[in-house]
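All remarks here apply to the structure that follows.
What follows draws every value from the coordinates through simple rules; no lab data is involved. Predicted model only: the values in this text are computed from it and were never measured. Neighbour counts are summed over all protein chains in view; Cβ atoms, including those assigned to glycine, are modelled from backbone coordinates with ideal geometry.
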Amino acid sequence: MQMLVPGPAVLLYVLIGVTIVLVATIVFRPSLTATHGGKRLAFMVYFLLPAVVASMGASEHMERSKQTQFCLSCHVMDPYGRSLHIDDPTYVPAAHFQNARIPREEACYTCHTDYVMYGSILAKLRGLRHVYVQYLGTVPKTIQLYNPYSNRECLHCHDGARSFEEGAVHSADPSILASIKSNQLSCLTSGCHENVHAVAHLSELKFWEPK
Amino acid sequence: MAALMERRLRISGVLIVLGLLVEALSLIRIHPLAFLAFMFVGGGLLVAGIAIYLYSLVSVTSPSESE
């Protein structure tokens, strides 16, 4: 028999509902707080419960902001989402997405978060700027990365993998692997894995339709 | 004094309830604007409500203390 475990969002809704009912009770009958017990109740529902709800909600929103659906909710990102369905294995993002080498529901976040300390926080701060540009600013015609794509983001998964370490090209010369790992030889712009999102050429490409 | 305390509790409670409603609504959609509504609108109302409540605790003195 399978047990249904409520997700964090359901628990959050329940907690919000309970807090609203308790706060409303005190709003309509503030005389309840005249007693010692009432004062404790007021402290719990006016301070502790909202603080817990806010921190749980922030955590839930942070998790949701990693989702592919979240990134693609801005119109300007449509072509990038579509490029994940290019029917050609030489296109790196499409091959990773279609073969589930990265979690499909967190595709953008997995490859575009700087895997450094505070990389995730930096991504969120940049996200705020993106929202500003989307709704109040001017969206540039060509979207560019803030910094050249670092091999670090590829090596986060590929470093140590047999297919990467012993690959024919990677191991042809010991200096190649060292150059890749030190980010001197770019995985993308060195001419080896240069096919990425190709948003300018999408109309010329075939697309994979998931069954 | 009790009347002032009750009034502040009501204002604070209304702000907290509004903040919680905004936070609940923001969880319905996965969208950057929902995230901003949660952080700034819902969070702002909650912080204001909690601040008024805490202020009412320290500013309203009981009759025995005021004597």
**Cα-derived Rg to Rh of the protein assembly as shown, Kirkwood definition** = 1.15
**Item:** Rg/Rg_globular for the stretch A:66-162, with Rg_globular taken as 2.2 N^0.38 Å and Rg from C-alpha atoms
**Value:** 1.13
**Prompt:** Taking H as built 1.01 Å from N, whose amide H comes closer than 5 Å to the amide H of residue A:86, not counting residues under 5 places away?
**Reply:** A:208
**Message:** Taking the number of other C-beta atoms within 10 Å as the exposure measure, put A:162, A:129 in order starting with the fewest.
**Reply:** A:162, A:129
**Complete:** For the residue A:41, residue A:118 Cβ pair and Förster radius 35 Å, calculated FRET efficiency rounded to 0.05 is 0.35
**Request:** Could you list B:5, A:117 in order of exposure, starting from the residue whose Cβ has the fewest other Cβ atoms within 10 Å?
**Result:** A:117, B:5
**Item:** Proximal charge balance of residue A:127 [Cβ under 15 Å; K/R count +1, D/E count -1]
**Value:** +2
**Fill in**
Projecting the Cα atoms of A:137, A:52, A:83 onto the charge dipole of the protein assembly as shown, where Lys and Arg contribute +1 and Asp and Glu -1 at Cβ, the residue farthest towards the positive end is A:52
**Item:** Backbone HN-Hα couplings from phi across the stretch B:28-38 [Karplus 6.51/-1.76/1.60, Hz, Gly and Pro as x]
**Value:** 5, 10, 9, 7, x, 5, 5, 4, 5, 4, 4
**Prompt:** Which lysines does residue A:66 reach when only Cα atoms under 19 Å apart count, and residues fewer than 8 places away in its own chain are ignored?
**Reply:** A:124
